[in-house]
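Here is the structure we will look at.
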Amino acid sequence: MKRFLNIIFLISATIAAQAQSKVALIVAIGNYEPSTGWSSISSQNDVPLIKAALIKQGFAEKDILVIRDAQATKEGILKAIDEHLIAKSTKDGIAVFHYSGHGQQVIDDNGDEIDGYDEALVSYNANMRYQKGIYEGQNHLRDEELGAKMDKLRLKIGSKGNVMVVLDACHSGTGTRGDNIRKHRGSDKPCAPDGYTSKTDKNEKNSIVSNARSTDKMASMVSFFGASPNELNYETEDENKNGVGSLSYAFSRVFSNAGKNSTYRGIFDKIKIEMSSFAPRQTPQAEGDLDFTILGGKITGKPEYFKVEKWKTDKTVTINGGELLGLYAKTKVAFYDIDTKDYSTAKPKATGVITSSSITSAEVTLDNPLDKNNALNSWIYVIEKNYGKLSVKIKMDISNASLKNSINEEIKKYPFISIVDEGADIIIDEGNKHSRGSQIKITSNTDYILLDEAVNSNTEVTIESVMTKIKEYSQANYIKGMEVTDAKMDVKFEFIPVETTQDGDRIIEKSRGDIKSKYDSSGILIIKAGESYKIKVTNNGTKDLYFTIIDIQPDNKINLVVPNAETGRTSHDYFIKRGESKELGDDDIIVFYPPTGNEVFKIIATEKPLDLSSIITTRGSGSRGENESPFAALFAETYKSSGSRGPNMPNVPQGSANVYTLTFKIVE
């Protein structure tokens, strides 16, 4: 018997050893050694987000190593890579390296960089400033050093394995007005001697890990970066107002919702969409073969349903999904028998409303009692989704005490507006170096001027102008981040670059180009001001549908693209049958103009015509009453800002709309 048990143990151990490993290393440096000169940032708040996302996708907690602050010296990071990532990885396994902290360019120490700078991660004890003979970058973790470790890791895992690197840092960038109110990661000043000049333009491709060579014996590797090399990487806030890295926040939400067949390109597209709403100044980057399935498909995948995690009473339960999976307060859920795959035709055991949610779980209050056994033996589906609260943060630098007090009093009427000293979305200047004379100026944290006008002798007129701009900005930000998906209503669009000519009053197509040529090496669609495009719409769903297209400019101005009022067409004219692809005509050719920056287009597919033109032109008062589309009601509600509780954002029932988003960058 003892011999038999030993044999079983040896077989089990052999199987375990042969199992494909899933290992991860999270490096978070928020509080640097004081003598280094680096500011404190919120890297510690990234850890639970990334860790929860990894666990959701099948990583065991014991295989996720976190090193923080003083543990993360250069030697500490390299040791953790050696003794955890590499040592615990197995053939055909997967590995993830995540870094949250400062990044910096540092003078090249071996002549291998054409611009004279290495890209580097800033370890806990790495100084910000170069001092010849004292500090010359020896504690910075340079690109070739990290690349060499990634080589070693990839060779051990082998060609069927996968490595993913996420760097929530930046290495350069230009400071602007918004820098005074938001924390950023990295420095626009390289660690180099005074007077040292770059050999070439330093604003090149992000290359912190691109030195890792690629052979047919190595695991594939894809890397994500929080910003392009000429941009600073700013922090944002999570739902609980905690400062977090913008890439970490976006990545954790997107990765948690990834399916087994999701590609890196699909993940990257969704990261860009997420970041467009809370980090619009940044252009996230990616390197590697983006068309591979993420981590080789060796992830758990997004759950199709949720389960009861804890039964508290017959009217209160906790479920195993939270903010990372898009579950917010007021979302409605329904409980069905296990194995109910098409809940649209099934009768639920009970329904309920999410009353609160954390990163990984949510509390549900049931509409009718459900005993413990019934609750635990249920599959739970979302039947109406809420997209969270409308909110905007304001910083005021106003010298006119009377005007400042009047604006303060007006803001108190709008609970979704908060006044802050750090992390503001909008800055209001008057009587300081940023405004001229008696001008009042409103600037977004992306440095777009939203308002610049003389203070009116009638204070109420000025206050109305200020409040209108604040509300418009917050509405656009909310709409930017909204994603509604339904496979039965899967309508997408793409741009077709065209050359045009004038035919009387009309612009008509003369020739066309290839949209692929408009994407840069990181998969960012780059459109030059003055270029013209047609739109091709495709219905991959199973229903005949109407569609509407809206544009959110870099300065957060919302435009209705389709239907275009100048053509005389209405929402009834934009219809597409299931399985059909169609190009919009010359009358709908789009010419792009400044402002430059990150822009967002959304196509909204619905079973009935969606008239947003009346809502936009009347600032929300043109909604149609009880029979209007749920999406139109949500859109209209973003304009309604007064009252003791602010806008009451309605739920969107599953199956009422599908929203597809395309992000791109307008350049001169």
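Laboratory data are not the source of any read-out in this text; all were calculated from the coordinates shown. Worth saying up front: this structure is predicted, and the values here are computed from it rather than measured. So basically every Cβ, Gly included, is an ideal-geometry build from the backbone, and we count neighbours across all protein chains shown.
The table below gives the values:
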| quantity | calculated |
| --- | --- |
| Listed residue pairs exceeding 18 Å between alpha carbons, taken from 160/260; 534/582; 56/315; 241/389; 56/349 | 56/315; 56/349 |
| Cα shape, segment 308-385, gyration tensor, a/c 1.5 rule | oblate |
| Separation of alpha-carbon centers, segment 443-511 and segment 325-348, rounded to whole Å | 35 Å |
| Amide H contacts under 5 Å for residue 378, placed H, 5+ residues apart | 308 |
| Set 22/51; 395/469; 91/152; 307/480; 518/577 screened for pairs whose C-alpha atoms are more than 20 Å apart | 307/480; 518/577 |
| Karplus-derived HN-Hα couplings along segment 242-256 (A = 6.51, B = -1.76, C = 1.60, θ = phi - 60°), whole Hz, x at Gly and Pro | 8, x, 9, x, 4, 5, 4, 5, 5, 4, 4, 5, 6, 5, 4 |
| Ordering of 375-382, 354-361 by burial proxy (mean other Cβ atoms within 10 Å per residue, highest first) | 375-382, 354-361 |
| Simple Cβ-charge dipole of the chain, Lys/Arg +1 and Asp/Glu -1, about Cα centre, in debye nearest 20 | 2220 debye |
| Principal semi-axes in Å for the chain [√(5λ), Cα gyration tensor, largest first] | 39, 35, 27 |
| Considering only segment 19-297, percent of DSSP beta bridges that pair antiparallel, nearest 5 | 40 percent |
| Trypsin sites (Lys or Arg not before Pro) restricted to DSSP loop in segment 280-311 with at most 16 other C-beta within 10 Å | 307 |
| Sites residue 580 and residue 310, calculated FRET efficiency, Cβ-Cβ separation with R0 41 Å, nearest 0.05 | 0.30 |
| Among beta bridges that DSSP assigns inside the chain, antiparallel share in %, nearest 5 | 70 percent |
| Alpha-carbon spread of segment 53-143, three principal axes, descending order, Å | 46, 28, 22 |
| Two-site label geometry, residue 419 and residue 591: point separation in nm, points 7 Å out along Cα→Cβ | 4.5 nm |
